[in-house]
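Undergrad: The structure under discussion is supplied below as structure tokens; questions concerning it will follow.
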Amino acid sequence: MSYTGDVTADGPADVRELPGLTISKIEVGGFGNNAYLLRCRETGDGLLVDAAADAGRLLGLIGDGPISAIVTTHRHQDHWMALAEVTKATGAETVAHPLDAPELPVPVTRPVEHGGEVTVGAVTLDVIHLRGHTPGSIALLYQDAHLFTGDSLFPGGVGNTQGDAARFDRLYTDVVERIFDRLGDETWVYPGHGKDTTLGAERPSLSEWRARGW
């Protein structure tokens with residue numbers, strides 16, 4: 001079966017096999033959060049994007065394979081409710097932007113900034129700081145083709161900025177300059193909630209997003 005990114009609460013993971021990386025997506029918790037397990041195909045090392053909830057399900061997804069890092073995309077509680085338990089069980093390094101790190105329930109052992117990198121085995125992920133949804137929201141980019149956006153970019157728009165025009169302008173500008181202006185239409189977007197999308201599917205709506213202000 002080909003990967004679609006369509007998952008449901010308590011349903012199975014949807015798995016995408018890339019030449020260097022396996023991506024497994026599940027939905028956890030009461031807010032429909034997505035969690036992603038990235039595993040290097042060369043070394044077997046793993047990285048979890050957002051230990052959002054349901055620690056037992058996340059640990060089941062991780063299984064017996066090693067996991068060296070847990071990346072939290074931003075400070076909102078629904079994205080880290082299982083972080084302490086999964087960190088304790090796995091001994092994984094905790095990764096987040098320093099502006100959001102103080103709000104997390106465990107110390108961040110590896111703070112990352114815009115332009116930095118996170119590795120999982122032989123795989124390198126680029127860190128993109130997207131300011132606005134929270135001060136320290138980050139996205140992770142693999143090979144300019146696979147983008148994990150947390151709550152900063154979804155099908156149909158950028159993340160919630162609570163009606164704050166300045167925050168919306170900052171997030172919209174970052175998303176356009178740091179994502180759409182840099183990456184091609186084929187880039188696949190893995191968001192923090194709901195269905196996946198591509199930059200090509202969203203690009204025609206950018207002016208609409210700017211005009212409506214959300």
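Undergrad: Which one is farthest from GLY136 (Cα to Cα), of the residues in segment 95-114 that are among the β-branched types (Val, Ile, Thr) and in contact with a His (Cβ under 9 Å, 6 or more places away or on another chain)?
TA: Looking at the filtered set, the residue picked out is VAL108.
Undergrad: Now a separate question. Looking for whichever is more than 15 Å from the chain's Cα centre (by Cα), within 18 Å of THR134 (Cα to Cα), modelled with pLDDT of 95 or more and of a type in the set (Val, Ile, Thr) here; the options are VAL112, VAL86, VAL108, VAL49. Which one fits?
TA: It is VAL108.
Undergrad: Test PRO105 against the stated conditions and say whether it is within 20 Å of ALA51 (Cβ to Cβ) and assigned to a loop (DSSP other than H, G, I, E, B).
TA: Yes: the conditions hold for PRO105.
Undergrad: What pairs can you find where one residue is in segment 201-213 and more than 18 Å from ARG167 (Cβ to Cβ), the other is of a type in the set (Phe, Trp, Tyr) and not in a helix (DSSP H, G or I), and their Cβ atoms are less than 9 Å apart, with a gap of 6+ or different chains?
TA: Here the result reads GLU202/PHE154, each pair linking segment 201-213 to a residue that is of a type in the set (Phe, Trp, Tyr) and not in a helix (DSSP H, G or I).
Undergrad: What's the number of the only condition in (1) in contact with a His (Cβ under 9 Å, 6 or more places away or on another chain); (2) closer than 23 Å to THR8 by Cβ; (3) part of a helix (DSSP H, G or I); (4) not acidic (Asp, Glu) that ARG167 fails to meet?
TA: (2)
Undergrad: Please specify each residue of segment 108-139 satisfying the condition of being in a loop (DSSP other than H, G, I, E, B), free of Cβ contacts under 8 Å to residues at least 40 places away in the same chain and of a type in the set (Ser, Thr, Tyr).
TA: Listed by number, the list holds a single entry, THR109.
Undergrad: Taking the residues in segment 157-185 that are on the phi > 0 side of the Ramachandran plot and surrounded by fewer than 13 Cβ atoms within 10 Å (Cβ to Cβ) as candidates, determine which candidate is farthest from the chain's Cα centre (by Cα).
TA: Filtering first and then ranking leaves GLY163.
Undergrad: Now, a different point. Could you give every pair whose Cβ atoms fall below 8 Å, whose first residue belongs to segment 62-78 and is crowded, with 17+ Cβ neighbours inside 10 Å, and whose second residue is among the aromatic types (Phe, Trp, Tyr) and part of a loop (DSSP other than H, G, I, E, B), counting only separations of at least 6 or pairs across chains?
TA: What qualifies is THR72/TRP80; ASP78/PHE31.
Undergrad: Output the qualifying pairs, or none if there are none: Cβ atoms under 6 angstrom, residues six or more apart or on different chains, first residue in segment 79-99 and at negative phi, second residue of a type in the set (D, E, K, R).
TA: Matching pairs, first to second residue: HIS79/ASP50; GLU93/ARG110; VAL95/ARG110.
Undergrad: May I pose another question? Within segment 141-153, does at least one residue satisfy the condition of being more than 16 Å from ILE179 (Cα to Cα) and either in a strand (DSSP E or B) or in contact with a Ser or Thr (Cβ under 8 Å, 6 or more places away or on another chain) (or both)?
TA: Within segment 141-153 (the criterion being more than 16 Å from ILE179 (Cα to Cα) and either in a strand (DSSP E or B) or in contact with a Ser or Thr (Cβ under 8 Å, 6 or more places away or on another chain) (or both)), the answer is no, since none of the residues qualifies.
The values are calculated or read from the model by the stated rules, or taken from the named source; none is laboratory data. Since we're looking at a predicted model, the values are computed, not measured. Note: ideal-geometry Cβ built from the backbone for every residue, glycine included; neighbour counts use all protein chains shown.
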